[in-house]
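For reference, the structure discussed in these notes is given below.
The values are calculated or read from the model by the stated rules, or taken from the named source; none is laboratory data. All figures in this text were calculated on a predicted structure; none of them were measured in a lab. Glycine also receives a Cβ, built like all others from the backbone with ideal geometry; neighbour counts cover every protein chain displayed. Calculation scope for accessible area: heavy atoms of the full protein, side chains included, ligands and nucleic acids excluded. Shrake-Rupley method; radii C 1.70, N 1.55, O 1.52, S 1.80 Å.
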Amino acid sequence: QSFPFPQEKSCHLSAALLGEDSEISQDQLYELLKYAALGKCHNAAQPSWCRIYHQSHLAGVVVVVLHEMSQLHFYRFYLQFKHLRKVFQHRFTLSPSANFPVSLYGEGTNLKPQNTPQGLTSTSSECITKNSDLQCDPIIQRYGAKKQGLTSYTLTLEEQEKHGYPIEGSPRSKGYISTECDQQRTDSSPLFGLDCEMCVTAKGNEVTRVSLVDAQGQCLLNELVKPESRVMNYCTRFSGVTKKMLLPVKTRLSDIQTRLKKMLPHDAVLVGHSLNFDLQALEMIHPSVIDTSLLFARSEGRRFKLKFLAKAVLGKEIQCEQKLGHDPTEDARAALELAQFFIEQGPTKVAELNLEMLLTAEKLAELSENKAALQPQGCGFQEQLNEPPPSSKPCFLDCLQVTGQKPLLLGRQGLDSSGLCQSNLSTSNKQILQRALEDVPLSKFSIIQFSLGPEYLASHLHAGLYEKVRSKLTDMLTIYAGPFEENFCMKSVKKEFGRCGPIQSLTVVTETFQPYVCIQYEVLEAAQLAVESLNGAEVAGSCIKVQRPVTAAMLDCNVLIEELELDVENEGVIYVAGLKNSLTETDLQEEFSQLKDLETLFLPKDLQSGKHRNCCFLKFQKTQSAVDALGAINGWTMRGSVLRSRNALAPGHLWRWIWRMNHSSGNQGKHIFYEKVEQLTDSEQDLRKKMKKLDHHIKKLYRSLQNNTLCIVLFPGVNSMHGSQSGLGLMGIKDDEGRSAC
């Protein structure tokens, strides 16, 4: 959607990113960069999700990439990013990519991906190109070229039978246990990664270890299992399981079967690599499966190994030779992420990876290490290695070169092996900044990459950040109300607090002398509205106090609330609660039509059920119009309901993220009034300083830019033990006042 602007010669950027459309794919980002760099030349069109006015007057495009950082980092260190949150008016969630540099530059660029394993770097830059004709690719032939939902990739009953899956009623599955899940799966059904390690017994293959991970990559089950029959071969080389490990184990197959039945929801989709062997060993029947050995289709019934796919597609090393046996949790997570990548990117993007050529390159690299084997036919191999890559579709970097412009790339790592960029490597962020201040004014298109350093990329640090952000958001969404009389009416409490916004959970606190109620909301505005409007009010016959949990992490809550209100993205946006659930977006448009300068209306809905919530967000063209609307709406009766309103706190992309955090497994934490004050770890104290310094670097760089420069700051997203962490983008066109034009 586009917003109207005065037709001046200065550039403007518009993007209606309020609400659920604020998640932008890598393709959409590329679409924006291409149009900003080229305009209407070379078939560049206005991006579908935002609009650049007077593109021909753009002084340049600057993309700042904060390597290995995600949306998580921005909101964990929100107060440290003082410049970023006050300058860039447009913000969006960025879908994480398995190969971010390629996604950023465009599909035709011959790049050397920074996450590509060492074994493939010599030739992968030539392999990741778009084949001029993908129609013969087995993946395209099987699934077509268009992106589809996950149900399109689950095996049919016939396919399961063909590939040896346990089937209900089949003689081979006699005595097997059903997971009791049904086939009523949808594209939003939850994915679970499953992997088993087996040994050989007198009975055949029996399970010795089982791992199950959820869609976020969290391990739900990692259990050793004692076989029923005498073990003939522990297969330790592959399973990692030894006789000594199994000696104290009491868990049997029947225990695992019972646990899996309880853990899997009715519409669960299991993901695994050659999953039929795992289900056979588990002696279980499950109707909805995605088999990654079949998903990444090859010709003539051949299959890629999981180790290769993880390396080529995800850039991850698994099943390392240094380890004793396979890690089933690692394998389950790898299969899950491969399926998620395939679903997210679609068949065409997967086919463009040219996995067959990557596999050939890997084999050639292995052969090249054996000099004796290479001697007789070295010339032939060398010719293959030097063979030009398939013809590729030019990306916008190629097109910029045609116009006489060479993009600038600054960073610590060599991301470009194509020669399309002026690539300068530096050893520190400070050096990168100094080079940027000198070179960016001379370039039409610049990519500046800052990074934290390898010591901050450990998965356990990401896991710690995730838990702290999740815990803090949960505390901010939670309020305590009371005290109430012993026999108070819970229905009255729920009704009164429900008028502030959608409630996630409501429980009675019994540890206190008089009962209190703990209420967790789905949106930050609802919790804040409850604190502001119901503290000291009479509810259910009692004069109550309303407060948030008192924890060490919450001591700066009021400061954070104030800064969120001042966030440039929340300018002109208000929150309205107390709506009837039956009201549609059309109804609300009609009811609020009398409000001056109303621009956009966002009606949140449950991302699973699709049902609307009893609140909405209104965005106004002018800040003063939003202030006037606040005064008019508070106490306004709409179809029998009294409305409550306040300034918005959470942009649309943050609301979506909060909802996902609220509905992730293991999230229902117990809140207490007081907790022991814990010191920040040294690494997190250092991170705070680094984030503040990064913010200062970007501020300095931004101030040096010419007016009418499009600046985009990207937190590209990371992979951690919690799965893929979404990225975040901030963008704007610098105006005369040094702020982003909108």
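Taking the numbered list (1) closer than 16 Å to Q280 by Cβ; (2) open to solvent by 30 Å² or more (accessible area, probe 1.4 Å) in turn, Q160 passes all entries but (2). The criterion of at least 2 residues that are crowded, with 20+ Cβ neighbours inside 10 Å and in contact with a Ser or Thr (Cβ under 7 Å, 6 or more places away or on another chain) is met, among strands (runs of 3 or more DSSP E) falling completely within the range 540-631, by 573-577. Across the range 122-140, the number of residues qualifying as at pLDDT 90 or above and more than 19 Å from F308 (Cβ to Cβ) comes to 1.
Considering (1) modelled with pLDDT of 85 or more; (2) assigned to a helix (DSSP H, G or I); (3) open to solvent by 50 Å² or more (accessible area, probe 1.4 Å), the lone condition that K468 does not fulfil carries the number (1). No other residue among N222, N276, N205 is outside any loop (DSSP other than H, G, I, E, B) and in contact with a Gly (Cβ under 7 Å, 6 or more places away or on another chain) apart from N276.
Checked against (1) touching an Asp or Glu at 6+ places or on another chain (Cβ under 6 Å); (2) at pLDDT 90 or above; (3) under 21 Å from Q216 (Cα atoms), Q345 passes all but condition (1). Scanning the range 224-238 for residues that are closer than 16 Å to D331 by Cα and either at pLDDT 95 or above or among the basic types (K, R) (or both), we see that the one that is surrounded by the most Cβ atoms within 10 Å (Cβ to Cβ) is L224. State whether the residues of the range 512-530 include one that is of a type in the set (D, E, K, R) and open to solvent by 30 Å² or more (accessible area, probe 1.4 Å). No: zero hits. From the list V241, V200, the lone residue that is in contact with a strand residue (DSSP E or B) (Cβ under 8 Å, 6 or more places away or on another chain) and either part of a strand (DSSP E or B) or open to solvent by 50 Å² or more (accessible area, probe 1.4 Å) (or both) is V200. Here Y480 clears all of (1) in contact with a His (Cβ under 9 Å, 6 or more places away or on another chain); (2) within 17 Å of G578 (Cβ to Cβ); (3) aromatic (F, W, Y) except the condition numbered (2).
Out of L425, L397, L437, L353, one residue alone is surrounded by 17 or more Cβ atoms within 10 Å (Cβ to Cβ) and either modelled with pLDDT under 70 or in contact with a Leu (Cβ under 8 Å, 6 or more places away or on another chain) (or both). It is L397. Under the condition of being open to solvent by 50 Å² or more (accessible area, probe 1.4 Å) and not in a loop (DSSP other than H, G, I, E, B), the residues counted in the range 244-271 number 9.
Checking each residue in the range 163-197 for being open to solvent by 70 Å² or more (accessible area, probe 1.4 Å) and under 18 Å from L295 (Cα atoms) picks out only D187.
Give the residues of the range 472-494 that are assigned to a helix (DSSP H, G or I) and surrounded by fewer than 17 Cβ atoms within 10 Å (Cβ to Cβ), sorted by residue number.
M490, K491, S492, K494
Within the range 298-320, can one find any residue that is within 16 Å of R209 (Cβ to Cβ) and outside any helix (DSSP H, G or I)? There is at least one residue in the range 298-320 that is within 16 Å of R209 (Cβ to Cβ) and outside any helix (DSSP H, G or I). Within the range 301-328, restricting attention to residues that are under 19 Å from N222 (Cα atoms), open to solvent by 20 Å² or more (accessible area, probe 1.4 Å) and under 26 Å from the mean Cα position of the chain (by Cα), the residue that is modelled with the lowest pLDDT is Q319.
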